[in-house]
Amino acid sequence: MSIERLGILLRVSSDSQQNEGSSLEVQEKMGMEMSKELGLKPILFNEGSQSSFKVEINERVKLIELLDEIQKGTIKNIWVYNSDRLGRNTQSWMSIYKILIEHGVKIYVGQSPKPYDLDNPLDNLNMNILSLISQYDNQIRRMRSVMGKRNSLKNGNTYVGGTKPFGYDVKNKKLIINEGESKVVKKMFEMYRDGESTIKIKTFLDTKTPYKPKRSNNGWSLGTIQKMLGNTLYKGEQKWEWKEIVGGKPKIVDTITIKTPSIVSKNLWEIVQIKIEENKVRKIKDSSYQSLLKELMYCKSCDSVLSSSDRKPYPLYSCRSVEYKWKNSSKWGNKHKNCSLKKSLRVEETDEKVLKHLISIIKESKIVREKHKVQQLTPKFEEKENIKKIVFRKTKELNELKREIKELRDSLIQIEFEVISKERTSENGKLLTSKVSNLIGEKEKLIQEKENELMVYNNSTKWVDWLNRMYLEIDSVERMSLDKKREFLNEYVSKIYVEYIPKIQSHKFDFEFKFPLVEDEFIYEKDSDGNFKRDKFNRKVYGIKEGKFNTSFQLPYKKNISTRLSDDRRNKLNSLISELRVEKSYTLNEVCKELNSKGYKTPTNKEWDKPKLSSYIKNMKVDVGKV
């Protein structure tokens, strides 16, 4: 006779309980002792640390496994440290409770060897009462904690709990300024105000200060810096919100505004917020820049999608490892260091040359030719009488479509007349006009398709130049809209890996196609005498030998060094930059403004901006300070 099994459910609602009397180890020990005392075989279901009050039943995998065993009939006894281990909210508890009752499960709680038999009405009632009391206790305990924090803040305390914010210490539940950290916070705001990027601020924090972020051992992250720059705490204000789940949705019950010791002035804080919003708009604009190969090109060494941004004087494709390493240096630091894409690619030039190369490959593919041939010549070898019937039917369909379009266009005139005569409102007229116009567009598209089909059937008694038609269709891709070009490429291309090869100063592209269309070929069948086999229409019988999925292509890197400035003009420019940077301590943005106002252009005859100036200064032979 097999020994009955005892399902032991282990769970703590928070990591802090690991250090208290109800840790997972303590629960497991008690459960094992109970199984031994009862003479039942122990089966562990360890949920670890998770709140059964916040987590829905379908998110509790181990509990579902236990309930599944109960429903199979393999477990009829369960043990829990406390009744609330099963579920703390009424909805989840009733779902669990229903299964336990249906299968006559006995529940052992804590150190008591006496089970709760849910078939027994009294035990059933007691179990429900205990569960509800447990839920109530947990809710009251949480409410007391929230109310305690709320009352503390209303009484003048300024520390809301959690991790101590950078720039402050805590004394008697009040925030007080940390002298060293607060100077760093103020410097961060000043740097951002003066046009420095969050990357420059990160470098400053990592290399010029002894401080580390409160929650990370891997150095400062851009996300932490951005969050600090937007935190009202540093200008002397902080909001605490009391949130509750009401009707399944979060609701703010109460809000308290707390006055805190300010580290930066309100004026400085507001200036930084304006710059943050300006940079957000700029980033959205950059990220919205549309390019042909944006979602197809990957860095070969980092395997990350290349970014494309509308940078001046020309947009570039770049590896994102340089961006990611600042966000997660431990993961992306080595990837960026070993990245093979050291030179970015100009978007327009790359799109144009890569598209031409891909078109040439696709045009030569025998698989693609066969696809077009089948599409164009499907009816060519059908029975003659059948073709006549099809032509008659399709002609009738075409004429019907043309009649429908005429009626729709007449209705547009009628709608316009009704608007003019006040029989219909202008707003209603616009809606109907838009709807009818869309219908006309759909019908015209169908007419074009029908006319193309009819042309093929009408030419089915003679050879259709399908190969020339295919070439014309593919050649027209270069004149298509950006979306249509993408649609064309996505039909054939899976990925494009890119790397830069310094020795030959060239970018190398490795193409991965969705079909084996590279260097595929026709294979004509022959009979035993070596003659070509032919079908009943006297056509050569052939198959297609698959080609390769991959091919490579190199795009030479062009240096664009212009020396339009005369020596005299360049010397004057260098002297002015040195004066503005060294003697007047101008920021890069201020220098750009001054140069543009005095009519100075870049060597490529462009307006000055921060990136151009920074690049120019690096090539100057005069030290004008850090850029």
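The values are calculated or read from the model by the stated rules, or taken from the named source; none is laboratory data. For clarity, every value in this text was computed on a predicted model and none was experimentally measured. Don't worry about glycine lacking a Cβ; one is built from the backbone with ideal geometry, like all the others, and counts go over all protein chains shown. Just so you know, the surface numbers come from the protein's heavy atoms only, side chains and all, with ligands and any DNA or RNA stripped out. Shrake-Rupley method; radii C 1.70, N 1.55, O 1.52, S 1.80 Å.
R0 = 56 Å: FRET efficiency of residue 274 with residue 487, Cβ-based, nearest 0.05?
Working from the Cβ atoms, E equals 0.85.
For 357, 507, what's the largest-to-smallest order of accessible area, 1.4 Å probe? Write down the numbers at each step before the final one.
Values: 357 40, 507 5 Å².
Order by accessible area, largest first: 357, 507.
Tell me, what is the per residue accessible area of the stretch 152-257 in Å², probe radius 1.4 Å?
57
For the stretch 510-519, what does the Karplus curve 6.51 cos²θ - 1.76 cosθ + 1.60, with θ = phi - 60°, yield as ³J(HN,Hα) per residue in whole Hz, taken in order and with x for Gly and Pro?
Rounded to whole hertz, the list is 10, 8, 10, 9, 7, 10, x, 9, 8, 6.
Search the structure for amide H atoms under 5 Å from the amide H of residue 493, placed 1.01 Å from N in the peptide plane, and list their residues when 5 or more places away or on another chain.
514
Amide H of residue 518 versus every other amide H placed in the peptide plane: which residues, excluding those fewer than 5 positions away on the same chain, fall under 5 Å?
547, 548
Which percent of the accessible area of the stretch 481-613 is formed by carbon and sulfur heavy atoms (probe 1.4 angstrom)? Can you show the working numbers first?
On the way: 3880 of 8500 Å².
Of all accessible area on the stretch 481-613, carbon and sulfur atoms account for 46 percent.
List the residues, sorted by chain then number, that are 5 or more residues from residue 237 or on another chain and whose placed amide H is less than 5 Å from its amide H.
260
Just to verify a number: FRET efficiency for residue 101 and residue 151, C-beta to C-beta distance, R0 = 56 Å, to 0.05? Kindly include the intermediate steps, with their values, before the conclusion.
Numbers: r = 43 Å, r/R0 = 0.77.
Using R0 = 56 Å, I get an efficiency of 0.85.
For the stretch 254-271, take each phi angle, set θ = phi - 60°, evaluate the Karplus expression 6.51 cos²θ - 1.76 cosθ + 1.60, and give the result in whole Hz per residue in order, putting x for glycine and proline.
8, 10, 10, 8, 10, 8, 10, x, 7, 9, 10, 6, 4, 5, 4, 4, 5, 4
So if we plug the beta-carbon distance of residue 170 and residue 266 into 1/(1 + (r/R0)^6) with R0 = 22 Å, what FRET efficiency do we get, rounded to 0.05?
0.40
Too long at a 30 Å Cα-Cα cut-off: which of 212/584; 164/593; 356/536; 239/280; 173/266?
Table pairs above 30 Å Cα-Cα are 212/584; 164/593; 356/536.
How large is the accessible surface of residue 515 in square angstrom, using a 1.4 angstrom probe and rounding to the nearest 10?
Estimated to the nearest 10 Å², residue 515 gives 90 Å².
At a probe size of 1.4 Å, how large is the accessible area of residue 604, to the nearest 10 Å²?
Solvent-accessible area, nearest 10 Å²: 40 Å².
Report ³J(HN,Hα) in whole Hz for each residue of the stretch 539-555, in order, from the Karplus equation J = 6.51 cos²θ - 1.76 cosθ + 1.60 where θ = phi - 60°; Gly and Pro get x.
After applying 6.51 cos²θ - 1.76 cosθ + 1.60, I find 8, 5, 8, 8, x, 10, 7, 4, x, 10, 8, 10, 7, 10, 7, 10, 10 Hz.
Of all accessible surface on the stretch 150-204 at a 1.4 Å probe, what whole percent is carbon and sulfur?
Working: 1300 of 2770 Å².
The nonpolar share, carbon plus sulfur, comes to 47 percent.
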